[in-house]
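Chemist: Sharing a structure below in structure tokens format, with a few things to ask.
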Amino acid sequence: MAFVIATASADDVLRIMGWARDEGWNPANTDWMAFHAVDPGAFLIGRLDGEPVVSISVTRYGPGLGFLGCYIARPVVRGKGYGIQIWNAGMKRLEGRNVGLDGVPAQQANYRKSGYRLAWNNARHEGVLSATPAVPAGVSFTDARRIPFDRLAGYDRRFFPEARDSFLAPWITAPERTALVALKDGEIAGFGVIRAAVTGARIGPLYAASPEIAAGLIGKLAAAIPGQIAIDVPDFHKPAKQLAEQLGLKPAFETARMYTGPDPAFDRTGLFGVTSFELG
């Protein structure tokens, strides 16, 4: 049987998101629209006799960072060696970079064998808000699309290891989502995006200068897409974890954030929720 690995098309990326739904990962409905923008060659798909069976995303950021995600083998081909072939092709594409991933903790040992080390865990907190958080005095909220984009991109850069302007633009403008910025004294003091998902809605990223501003953002975002929400909270940020639990959100599962090199530098104190398990 012929097995071929190639760069994914837009239709393939949409198919891969369907596979992620099958795996129970609950991807947001339109996140895929932003995925090609940051790195057009990031998604790879493997076909067996023309039938798509395995996938991986290997996104390049700046000169030295990479992020691996969407590593999926369809059940019918698991254990037959096709997954490791696309893994090797993906890692070759990111050769020479510090590569990150979010994987289930049970796979940590396998990732270590491939050169990864644990940096922290992310815990997905899910549920319906138990109360509407108060808006802190002096803080207002506005649609992120109204903010000069250079200001918004500069703010995002504080919390992510590399600039990702080409990703951020479609991330705030794709359908089925709301993106809000918190302003205080004319300065950006928080930023969050909520996106409709298979089940409920996902919030990410979630940045804020304080837990109170983060709570206000969560309340405003949740009001835009009522129902169950999910936030992926890094375990190094205890105030973020406490806030999620105070708002009635319960831990659902964890992922292990791992890197092949040192932990990248960014502002950890303001990161209340990571953007995406697929692209970091």
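The values are calculated or read from the model by the stated rules, or taken from the named source; none is laboratory data. A quick note: this is a predicted structure, and the numbers were derived from the prediction, not measured. When we count neighbours, we look across all protein chains shown, and the Cβ atoms used for this are built from the backbone with ideal geometry, even at glycine.
Chemist: Would you say GLY261 is outside the structural domain of THR30 (by TED's automatic domain parsing) and in contact with a Lys or Arg (Cβ under 9 Å, 6 or more places away or on another chain)?
Modeler: yes
Chemist: Quickly run through the stretch 89-111 and pick out the residues that are loosely packed, with under 13 Cβ neighbours inside 10 Å and free of Cβ contacts under 8 Å to residues at least 60 places away in the same chain.
Modeler: Of everything in the stretch 89-111, those that are loosely packed, with under 13 Cβ neighbours inside 10 Å and free of Cβ contacts under 8 Å to residues at least 60 places away in the same chain turn out to be LYS92, GLU95, GLY96, ALA106, ALA109, ASN110.
Chemist: Filter the stretch 247-269 for residues that are more than 24 Å from ARG97 (Cα to Cα) and surrounded by fewer than 22 Cβ atoms within 10 Å (Cβ to Cβ); which is modelled with the lowest pLDDT?
Modeler: PHE253
Chemist: Being under 16 Å from the mean Cα position of the chain (by Cα), buried (at least 19 other Cβ atoms within 10 Å of the Cβ) and in a helix (DSSP H, G or I) is the filter here; which residues of the stretch 150-178 pass it?
Modeler: Scanning the stretch 150-178 gives ASP156, PHE167, LEU168, TRP171, ILE172.
Chemist: Continuing with this model, one more query. Filter the stretch 62-71 down to the residues that are surrounded by fewer than 23 Cβ atoms within 10 Å (Cβ to Cβ) and either free of Cβ contacts under 8 Å to residues at least 12 places away in the same chain or part of a strand (DSSP E or B) (or both) and list them by number.
Modeler: Across the stretch 62-71, the qualifying residues are PRO63, LEU65, TYR71.
Chemist: Scan VAL181, VAL99, VAL139, VAL128 and give me the residue that is modelled with pLDDT of 95 or more and more than 21 Å from the chain's Cα centre (by Cα). First the steps, then the outcome.
Modeler: Numbers: VAL181 fails: more than 21 Å from the chain's Cα centre (by Cα); VAL99 fails: more than 21 Å from the chain's Cα centre (by Cα); VAL128 fails: more than 21 Å from the chain's Cα centre (by Cα).
Being modelled with pLDDT of 95 or more and more than 21 Å from the chain's Cα centre (by Cα) holds for just one of VAL181, VAL99, VAL139, VAL128, which is VAL139.
Chemist: Here's another thing I want to ask about it. Can you name the condition, by its number, that ASP12 falls short on among (1) surrounded by fewer than 20 Cβ atoms within 10 Å (Cβ to Cβ); (2) within 17 Å of the chain's Cα centre (by Cα)?
Modeler: Here ASP12 meets the rest and fails (2).
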